[in-house]
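Down below is the structure, laid out as structure tokens.
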Amino acid sequence: MPVSTPTALVAAAPTLFRQGLLAVLREQCPELAITLTADASQAEELATHHFYSLLVLEGALPGLLNLPRVLNRLRQARPSQRLLVLADARTLAHEAPLHADSDACLFVPSHVPPHALAAAISPWLAALPGNAAPAARMVPAYAITGRFSRREMEVLRLVVADCCNEEIANRLFINVRTVETHRRNLLQKAGTRTLVGLAARAVREGWVA
């Protein structure tokens with residue numbers, strides 16, 4: 001019998017964090033067919049009418065006004081749906097943390113480093129049909145970040161936070177040209193060509209929290 005293609009629905013805002021998450025999913029499960037949405041209503045509609053191998057839901061998704069109600073609907077409609085919820089501190093305080101290898105639902109902090117997230121959901125990904133990809137080899141953060149100066153790390157964190165040059169300059173009390181110099185150094189040391197690539201790699205490999 002042919003092996004069915006594993007599917008995932010990622011309902012999250014289009015941020016650099018989401019790019020890092022997608023990179024992790026594609027690295028660990030190349031066959032995964034991913035559907036993206038940043039629309040809360042569409043996410044709920046898709047999740048209740050279609051079964052996915054993995055459902056990732058950002059608890060702070062704009063328009064998602066009542067997360068507990070949405071989760072209850074999903075649990076009633078599809079009790080076995082593997083659901084990863086990126087939650088804020090208040091939600092985490094009310095929902096007991098669960099383990100991916102023993103339950104169908106996992107709550108994690110909304111900005112957990114993707115390398116830690118990958119470790120948490122690896123039992124799910126390994127069990128997906130047709131996933132023969134070897135476990136991803138994560139480069140230790142210190143192996144790369146040790147090349148960066150303290151100031152470059154500060155700039156990198158703000159780049160990942162979607163700050164523009166002016167915002168970075170204001171926050172670090174430096175001028176914009178100095179920010180540009182740090183950015184060029186970061187790109188060169190990280191071996192990336194664009195800021196998007198730099199930020200995605202930094203998030204994916206856990207260089208920044």
Item to complete: Kindly state, to the nearest 0.05, the FRET efficiency for Arg184 paired with Ala13, given R0 = 30 Å and r defined as their beta-carbon distance.
Response: 0.60
Fill in: Gain upon complete extension [Ser41, Arg147; 0.36 nm per residue less C-alpha separation]
33.8 nm
Response to the item:
Phi angles of region 169-184, converted by Karplus (6.51 cos²θ - 1.76 cosθ + 1.60, θ = phi - 60°) into ³J(HN,Hα) in whole Hz with x for Gly and Pro, give 4, 5, 6, 9, 6, 10, 8, 5, 5, 5, 4, 4, 5, 4, 5, 4
Discussion item. Sorting check: for 169-180, 8-19, which peptide has the highest mean count of neighbouring beta carbons within 10 Å, and how do the rest follow?
Written reply: 8-19, 169-180
Worksheet item: Gain in length, Val196 to Asn72, computed as 0.36 nm per residue apart minus the alpha-carbon separation, to one decimal in nm?
Response: 41.1 nm
Worksheet entry | HN-Hα J in Hz across region 46-61 - Karplus 6.51, -1.76, 1.60, θ = phi - 60°, x for Gly and Pro | 4, 5, 8, 10, 9, 9, 10, 4, 8, 10, 10, 10, 7, x, 9, 4
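Throughout, read-outs are computed from the coordinates displayed, never taken from laboratory work. Note that this is a predicted model, so its numbers are computed, not measured. Here Cβ is always computed from backbone atoms with ideal geometry, including for glycine, and neighbour counts include all displayed protein chains.
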